[in-house]
Amino acid sequence: MTDFNEMKEALVACDTVKLTGLVDTALGQGTPASDILNQGLIAGMDIVGEKMENGDMFIPEVLMAAQAMGECMTVLKPLLGEGETTGAGNVLIGTVKGDLHDIGKNLVAMMMESAGLTVHNLGVDIDPAEFVTQIKEKGANIVCLSALLTTTMPAMKQTVDAIVEAGLRDQVKIMVGGAPVTQAFADEIGADGFAADAGSASKLAKQLAA
Ligand code: B1M
């Protein structure tokens, strides 16, 4: 029986060696990779967020925790696939201008790749104009925007507007996501879809691409 509390504690303590050991043990016990991700790592990151908010953890520690989670993701990535493949979706994904958070966005990219979609991961702090350039260059039919800060959510609207102004709106479906983002916000800015997590983002992308 996997003790997810121990995993969460190791993540909060930024103890990469212990955390990767616990993940290996859990996998050896037959615990599904998705349970380790959701109940261990993402739940642990939520505690990190609360501690950050309360001033009990500072940026360097939060980065170390993020790095520890990244190490585990290397192990979990091949195990998180959905097993289906489709050539339909050509996805461009990036974190919007002003925002440096990339763990969730990379998770979404990873899930989409494992679901057989072609994914171009642009990185973080991506300017609206750069999204436009990359849509043209990569011939994307789906654009995924990630934002983790309420202050960078307006950059999602600016990116949608830039795509409209470039005359590309009919060529792409636009999806948005990230902790502060909601379906109502997606509707408000004229996006085609919202996904609350990596699994539903991957499913929605396949639906929109079909
Ligand atoms: Co930041 N940070 N951070 N941070 N950070 C949050 C987001 C915060 C909620 C913490 C808090 O105060 N409780 C808060 C935002 C408050 C707000 O705006 N409402 C915050 C803040 C304030 C800040 C700074 C401003 C702090 C400062 O400097 N004073 C600063 C901003 C820097 C910047 O971006 N310009 C900052 C910096 C950082 C670090 C660099 C230290 C680090 C990021 C490292 C990295 O990403 N490489 C960091 C981290 C790690 C966090 C927390 C702790 C964890 C985020 C995370 O990775 N979660 C976070 C608190 C929290 O979220 N609990 C916090 C795990 C990840 C798997 O979940 O990203 O939500 P998430 O992704 C999910 C879904 O949202 C969805 O699927 C993912 C997987 O299921 N999803 C999508 C995400 N993108 C999607 C795109 C889609 C679809 C779904 O496209 C269609």
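When L117 is tested against the conditions (1) farther than 27 Å from K157 by Cα; (2) open to solvent by less than 80 Å² (accessible area, probe 1.4 Å); (3) aliphatic (A, V, I, L, M); (4) away from the ligand (no atom under 11 Å from the Cβ), the lone failure is (1).
Yes or no, residue by residue, for (1) within 9 Å of the ligand (Cβ to nearest atom); (2) more than 15 Å from V143 (Cα to Cα):
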{"position": "E165", "(1), (2)": "no, yes"}
{"position": "R169", "(1), (2)": "no, no"}
{"position": "I174", "(1), (2)": "yes, no"}
{"position": "G178", "(1), (2)": "yes, no"}
{"position": "D187", "(1), (2)": "no, yes"}
{"position": "G193", "(1), (2)": "yes, no"}
{"position": "L204", "(1), (2)": "yes, no"}
{"position": "A209", "(1), (2)": "no, no"}
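Of the listed requirements (1) under 17 Å from the mean Cα position of the chain (by Cα); (2) loosely packed, with under 15 Cβ neighbours inside 10 Å, I93 misses just one: (2). If you go through the stretch 145-161 and keep only what is in contact with a Lys or Arg (Cβ under 6 Å, 6 or more places away or on another chain) and outside any helix (DSSP H, G or I), you end up with just S146. When each of V17, V23, V62, V75 is tested for being part of a helix (DSSP H, G or I) and in contact with a Lys or Arg (Cβ under 9 Å, 6 or more places away or on another chain), the lone residue that passes is V62.
Out of P128, P180, one residue alone is at negative phi, surrounded by 19 or more Cβ atoms within 10 Å (Cβ to Cβ) and without any contact (Cβ under 8 Å) to a residue 40 or more places away in the chain. It is P128. For G87, the conditions (1) within 8 Å of the ligand (Cβ to nearest atom); (2) at pLDDT below 90; (3) open to solvent by 40 Å² or more (accessible area, probe 1.4 Å) all hold with the exception of (1). Only one of the numbered conditions (1) near the ligand (Cβ under 8 Å from one of its atoms); (2) in contact with a Lys or Arg (Cβ under 6 Å, 6 or more places away or on another chain); (3) aliphatic (A, V, I, L, M) is not met by I142, and that is (1).
The values are calculated or read from the model by the stated rules, or taken from the named source; none is laboratory data. All of these numbers come straight from a predicted model, not from anything done at the bench. Cβ atoms come from the backbone with ideal geometry, glycine included; neighbour counts cover every protein chain shown. Areas reflect the complete protein model, heavy atoms only, side chains present, ligands, DNA and RNA absent. Shrake-Rupley method; radii C 1.70, N 1.55, O 1.52, S 1.80 Å.
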